[in-house]
1. Would you mind stating whether ALA62 is more than 11 Å from the chain's Cα centre (by Cα) and assigned to a helix (DSSP H, G or I)?
2. Looking at (1) closer than 30 Å to ILE9 by Cβ; (2) at pLDDT 85 or above; (3) not aromatic (Phe, Trp, Tyr), can you tell me which one SER138 breaks?
3. Could you tell me which numbered condition PHE38 fails, if it satisfies all but one of (1) under 30 Å from ALA135 (Cα atoms); (2) surrounded by 18 or more Cβ atoms within 10 Å (Cβ to Cβ); (3) in contact (Cβ under 8 Å) with a residue 60 or more places away in the chain; (4) not aliphatic (A, V, I, L, M)?
4. Return yes or no: is ARG124 at pLDDT 80 or above, closer than 30 Å to LEU6 by Cβ and loosely packed, with under 10 Cβ neighbours inside 10 Å?
5. Suppose we filter ILE112, ILE161 for residues that are closer than 30 Å to VAL35 by Cβ, in the same structural domain as LEU10 (by TED's automatic domain parsing), at pLDDT below 80 and not in a loop (DSSP other than H, G, I, E, B); which single one remains?
6. Just to be sure before I move on: is PHE71 in the same structural domain as THR18 (by TED's automatic domain parsing), hydrophobic (A, V, I, L, M, F, W, C), modelled with pLDDT of 60 or more and in a helix (DSSP H, G or I) in the structure I sent?
7. I'd like to verify a number: residues in the range 3-16 that are polar (S, T, N, Q) and touching a helix residue (DSSP H, G or I) at 6+ places or on another chain (Cβ under 7 Å), how many?
8. Among the residues of the range 10-29, is any part of a helix (DSSP H, G or I), touching a residue at least 12 places away in the same chain (Cβ under 8 Å) and touching an Asp or Glu at 6+ places or on another chain (Cβ under 7 Å)?
Amino acid sequence: MTATVLFYILGLITLVATLLAIFQRNPVHAVIYLVNSFIALALLFFLLGAPLVAAWEIIIYAGAIMVLFLFIIMILELGPGSDMRTATPGWQQRLPLLLLGLALAACTLLLIGVDISGSEGVPRWHASPREFGYALFSEYALAVKIISFQLSFAAAGAFYIGRPEKNKSAEEDVS
């Protein structure tokens, strides 16, 4: 019973935080809401018996990817307008983040105190990293290879788009 209620609460937190991230005008605030969404999603994975995936969700998405997003925001100077920089954020801007943070903290404390392995609807087994890796690279080896090729193509495309254009600078020097 507790695990089911916790599941729906975490699902609602994930949905609300993601919607707030989508409709937020300030990109830094959007990243913070997205971190909340990723943490709630990691708690959902943990609740469903996948602690390894939950750890990856925190380490890779809530950690590394969000730091990358913040660097992109800083490099491209995507801050709010000049009128918003001087204004201090009011309680209306802080209230959603505060509510989401408190709900996530409460769900985390409930997850720590509740034995989820004995409740109905939650699998009683956990895949070890060794079993997960074996399944990933034996049964799903083709999918892993396809995704690795897609990531390689994306990296090559990003390199091509980001490279300096030599022909433009040569033409400007001639004229």
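1. No: the conditions fail for ALA62.
2. If we test SER138 against (1) closer than 30 Å to ILE9 by Cβ; (2) at pLDDT 85 or above; (3) not aromatic (Phe, Trp, Tyr), just (1) comes out false.
3. The number of the failed condition is (3).
4. no
5. Values: ILE161 fails: in the same structural domain as LEU10 (by TED's automatic domain parsing).
Of the residues listed, the single one that is closer than 30 Å to VAL35 by Cβ, in the same structural domain as LEU10 (by TED's automatic domain parsing), at pLDDT below 80 and not in a loop (DSSP other than H, G, I, E, B) is ILE112.
6. yes
7. Count: 1.
8. no
The values are calculated or read from the model by the stated rules, or taken from the named source; none is laboratory data. Predicted, not measured: the structure shown is a model, and the values here were computed from it. All Cβ positions, even for glycine, are placed from backbone atoms using ideal geometry, and neighbour counts span all protein chains on display.
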